[in-house]
Amino acid sequence: MNDWQKSSPDGASDECLEVRTADGMVEIRDPDTNDIVVRTTPAKWEAFLLGVKAGEFDHFVA
């Protein structure tokens, strides 16, 4: 298992998630509770990241 990594580039934000790989899966959790909130495949995670970079989810925060 890999160590958890914060989603914010500088690691200073309080509004972030943590991500790691474990058993060939990608796990995402809320560091405030340490509960795993999502477990997915690397391929689906990559597709999600590409969608974020392309702005496909911007309407959720606008």
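The values are calculated or read from the model by the stated rules, or taken from the named source; none is laboratory data. This structure is a prediction, so every number in the text was calculated from the model and none was measured. No Cβ is skipped: glycine too gets one built from the backbone with ideal geometry, and neighbour counts run over all protein chains shown.
In this entry, residue 10 is excluded by the filter for residues that are modelled with pLDDT of 80 or more, loosely packed, with under 10 Cβ neighbours inside 10 Å, in a loop (DSSP other than H, G, I, E, B) and out of contact with any His (no Cβ under 7 Å at 6 or more places or on another chain). Determine, yes or no, whether residue 46 is modelled with pLDDT of 95 or more, in contact with a Leu (Cβ under 9 Å, 6 or more places away or on another chain) and not small (Gly, Ala, Ser). Criteria not met by residue 46.
Find the residue count for region 24-43, including only residues that are out of contact with any strand residue (DSSP E or B) (no Cβ under 9 Å at 6 or more places or on another chain) and modelled with pLDDT of 90 or more.
2
Number of residues in region 36-56 that are exposed (fewer than 11 other Cβ atoms within 10 Å of the Cβ), of a type outside the set (A, V, I, L, M) and not in a helix (DSSP H, G or I) equals 1.
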